[in-house]
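Below: the structure, in structure tokens.
The values are calculated or read from the model by the stated rules, or taken from the named source; none is laboratory data. What you see is a predicted model; the values in this text were computed from it and never measured. So basically every Cβ, Gly included, is an ideal-geometry build from the backbone, and we count neighbours across all protein chains shown. Protein only, heavy atoms only, side chains kept; ligands, DNA and RNA dropped before computing areas. Shrake-Rupley method; radii C 1.70, N 1.55, O 1.52, S 1.80 Å.
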Amino acid sequence: SDSRWEFGKHCVLLHHDESKDTAEKGGVSSASWGAYFRDTEVFLKVYALMQNQNYPDFGSALEAYSHADFMELETLAPLQKIAPQGVATHVEEWHVLNLEQKPTSPDEAWEMIAPRAEKLASAFDPIF
């Protein structure tokens with residue numbers, strides 16, 4: 001068990017800890033958005049989740065990575081074959097949101113951000 005992980009009813013938080021020099025990584029497959037909280041600021045990524053597609057890393061469309069030096073929130077596209085001279089496009093929207101207070105638990109974080117994130121995700125229309 002690693003203290004950087006915190007599990008709630010609807011979401012999982014992966015905390016950054018500068019004293020931890022080992023990496024932690026986790027992925028999810030059922031969301032079309034992911035968020036990074038820093039005090040009362042939220043960095044939100046919205047992306048197209050393509051149902052019934054084969055995603056890398058055990059089906060992960062979103063991955064979080066934590067190491068002493070940095071945090072990363074990465075979206076992934078489904079695996080696909082690209083012909084020579086072909087093109088693949090992966091689109092995401094970035095939003096920075098401000099909260100009135102810092103969340104104190106995964107459930108509180110979910111309550112604070114999910115309605116706004118879901119609204120932005122439902123309006124997301126990637127141009128391919």
The stretch 69-114 - Debye-derived log10 I(q)/I(0), Cα point model, q = 0.21, 0.28 Å⁻¹: -0.94, -1.13
Put +1 on the Cβ of each Lys and Arg and -1 on the Cβ of each Asp and Glu in the chain; which of 71, 122, 82 then has its Cα farthest toward the positive end of the dipole? 82
For the stretch 4-101, what is the largest minus smallest coordinate of the Cα atoms on each principal axis, given in angstrom and ordered from greatest to least? 46, 31, 28
What dipole magnitude, in Debye to the nearest 20, does the chain give about its Cα centre under +1 on Lys/Arg Cβ and -1 on Asp/Glu Cβ? 440
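As a test of the formula, what do you get for the chain when each DSSP H run with n ≥ 4 contributes -39,500 (n - 2.57) and the sum is divided by the residue count, at 222 nm and rounded to the nearest 500 deg cm²/dmol? Numbers along the way, then the final one.
Details: 2 runs with 22 residues, N = 128.
That comes out to -5000 deg cm²/dmol.
Just order 10-21, 32-43 by mean Cβ neighbour count inside 10 Å, highest at the front, would you? Working shown, then result.
On the way: 10-21: 13.7, 32-43: 16.8.
Highest mean packing first, the order is 32-43, 10-21.
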Could you work out what % of the accessible surface of the chain is carbon and sulfur, using a 1.4 angstrom probe and leaving DNA, RNA and ligands out of the count? 49
Run the numbers for residue 25 and residue 81: contour at 0.36 nm per residue of separation, minus the present Cα-Cα distance, in nm. 17.6 nm
Result for the chain: accessible area per residue, probe 1.4 angstrom, in square angstrom, of 67
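Could you work out the relative contact order of the chain? I mean the mean sequence separation of Cα pairs under 8 Å and 6+ apart, divided by the number of residues, in percent. Mind showing how you got there, number by number?
Working: 216 pairs, mean separation 39.7, N = 128.
Relative contact order for the chain comes out at 31 percent.
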